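Engineer: Below is the structure I would like to discuss, written out as structure tokens.
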Amino acid sequence: MRNVRLGDLAACCVLLLVGVAASAWGMAAKGAAPVTPSPIVLSPVVTSDLRQPLFLTHAGDGSGRLFVVEQVGRVRIYQQGRLLETSFLDVSDLVSFGGERGLLGLAFHPAYRTTGRVFVNYSRESDGATILAEYRVSNNPDLAKPEAKILLVVEQPYGNHNGGMVAFGPDGHLYIGMGDGGAGGDPGDRGQQRQELLGKVLRIDVDGGSPYAIPSDNPFVSGGGRPEIFAYGFRNPWRFSFDRQTGRLWAADVGQNAYEEVSLVRRGGNYGWRIMEGAHCFKPSTGCPMRGLELPAVEYAHSGSRCSITGGYVYRGGEMPGLRGLYVFGDYCSGEIFGVQEAEIAGGGVTAHPSVLLDTDLRISSFGEDERGELYVVDHAGGVYRINTAP
């Protein structure tokens with residue numbers, strides 16, 4: 001995400017367009033013709049009383065609750081048709097809020113029902129450093145205890161490109177998205193520096209060691225880079241997700257000035273930044289060394305108002321069969337919601353079959369899943385909407 005866009009949005013009011021577009025994206029295509037996905041509509045879930053929401057998830061505990069992350073430092077609960085007044089967790093006193101800083105990520109332990117453990121990623125109030133912290137639920141299931149265990153501190157040289165996504169993979173390990181540290185063009189080349197945690201997707205074992213252990217199959221566990229690194233060469237992997245059917249890791253990496261991209265992330269992969277932006281040379285601008293780099297699965301250019309990708313999910317729910325197997329994502333600036341068939345790009349290489357599912361006036365800060373795999377879109381101006389197939 002771009003700090004200027006995120007900061008500008010704080011005072012914006014956003015209206016939802018009701019028109020639906022299922023037209024092709026107009027990018028060069030490879031392979032067989034895509035399956036045209038069903039058009040969608042958005043159903044309002046919460047449209048007031050949220051302050052700069054950035055993420056939505058569930059606890060996996062069978063409660064049916066939705067947890068909404070507010071950038072200011074609160075986690076709110078939506079349950080049985082209403083937003084609870086009391087926050088599940090409030091760390092606003094600890095958080096540096098504004099631009100791309102704030103409470104940025106939330107993940108519930110896979111065995112949350114029995115462990116009560118929850119993990120957050122936020123920008124520290126004193127200096128903007130990235131903090132990964134663990135909290136536990138209290139005797140009240142709608143309230144976390146205030147005591148924290150700090151697992152990881154990563155200093156941030158600039159105020160933007162903080163990443164912030166945290167999610168448990170199917171292997172039970174915690175994955176953490178780290179931006180390149182900010183400014184423009186990655187001046188420290190941190191995305192390529194394997195002794196740096198910035199510009200990476202990290203993977204740690206929160207169930208072993210103190211404060212955490214390193215999974216034995218992390219690519220640099222025996223040397224050559226920081227052992228926490230799972231993959232590298234990212235600019236700002238703002239939102240990523242795991243396909244709940246295949247386990248594949250989908251990461252949307254926010255581009256510089258020209259291209260946005262989605263990658264299927266594998267262990268040890270180098271995703272190119274700052275050598276490349278998307279599938280194109282960045283530094284140097286021509287003739288860049290591409291050998292050993294992973295090309296994006298999807299990319300799009302900055303045309304119209306498109307400028308900042310927001311990653312989503314492969315739909316595996318049961319209520320929209322016309323979207324099944326579709327990776328749904330969007331653009332923060334244009335408000336468009338896109339889709340591309342997972343089956344079309346699973347074989348690797350750049351593809352180009354996304355469709356515009358819906359054109360909105362939302363500032364799409366995130367997507368989210370409930371326990372059943374149904375999809376939601378989060379509007380940074382203060383709303384949460386459920387994605388439904390158009391009647």
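Engineer: May I ask for log10 I(q)/I(0) of the stretch 72-157 at q = 0.25 Å⁻¹, from a Debye sum over the Cα atoms as equal point scatterers with solvent left out?
Structural biologist: Evaluating at q = 0.25 Å⁻¹ gives log10 I(q)/I(0) of -1.28.
Engineer: Sticking with this structure for a sec: Considering amide H positions built from the backbone, and no H for Pro or chain starts, which residues 5 or more places from Gly268, or on another chain, come under 5 Å of its amide H?
Structural biologist: Excluding prolines and chain starts, which carry no amide H, the hits are Ala231.
Engineer: 222 nm [θ] for the chain, helices only, -39500 (n - 2.57) per DSSP H run of 4+, per residue, to 500?
Structural biologist: Rounded to the nearest 500, the figure is -500 deg cm²/dmol.
Engineer: Might you work out the accessible area of His280 for me, using a 1.4 Å probe with all protein chains in place, and round it to the nearest 10 Å²?
Structural biologist: It works out to around 60 Å².
Engineer: Quantify, in whole percent, the carbon and sulfur part of the accessible surface of the stretch 118-182 (1.4 Å probe; protein heavy atoms only).
Structural biologist: That fraction is 50 percent.
Engineer: Additional query: Divide, for the stretch 242-305, the radius of gyration over alpha carbons by 2.2 N^0.38 Å, where N is the residue count.
Structural biologist: Relative to the 2.2 N^0.38 Å estimate, the stretch 242-305 comes out at 1.17.
Engineer: Give the Rg (one decimal place) followed by the Dmax (whole number) of the stretch 248-345, computed from C-alpha coordinates and expressed in Å.
Structural biologist: My reading of the Cα-based Rg and Dmax gives 14.3, 47 Å.
Engineer: Sticking with this structure for a sec: Just to check I understand the Karplus step: with θ = phi - 60° and J = 6.51 cos²θ - 1.76 cosθ + 1.60, what whole-Hz values come out for the stretch 105-117, glycine and proline as x?
Structural biologist: Result, rounded to whole Hz: x, 8, 9, 8, 4, x, 9, 4, 4, 9, 8, x, 9.
Engineer: Suppose the Debye formula is applied to equal point scatterers at every Cα of the stretch 55-109; what is log10 I(q)/I(0) at q = 0.18 Å⁻¹?
Structural biologist: Each listed q corresponds, in turn, to -0.59.
Engineer: Could you tell me what percent of the accessible area of the stretch 197-314 is made up of carbon and sulfur, with a 1.4 Å probe and every protein chain present?
Structural biologist: About 46 percent, which is the carbon plus sulfur part of the accessible surface.
Engineer: Given a 1.4 Å probe, how much area per residue of the chain is accessible, in Å²?
Structural biologist: Per residue, the chain has an accessible area of 37 Å².
Engineer: Right, here's the next one. Students sometimes get this wrong: rank Met320, Met290 by accessible area, probe 1.4 Å, all chains present, largest first.
Structural biologist: Descending accessible area places them as Met290, Met320.
Engineer: Calculate I(q)/I(0) for the stretch 156-252 by the Debye formula, one identical point scatterer on each C-alpha and no solvent, and give its log10 at q = 0.11, 0.12, 0.16, 0.18 Å⁻¹ to two decimals.
Structural biologist: Results for the stretch 156-252 at q = 0.11, 0.12, 0.16, 0.18 Å⁻¹ read -0.31, -0.37, -0.65, -0.81.
The values are calculated or read from the model by the stated rules, or taken from the named source; none is laboratory data. These numbers were taken from a predicted model, which means no experiment stands behind them. All accessible areas refer to the heavy atoms of the entire protein, side chains included, with ligands and DNA or RNA removed. Shrake-Rupley method; radii C 1.70, N 1.55, O 1.52, S 1.80 Å.
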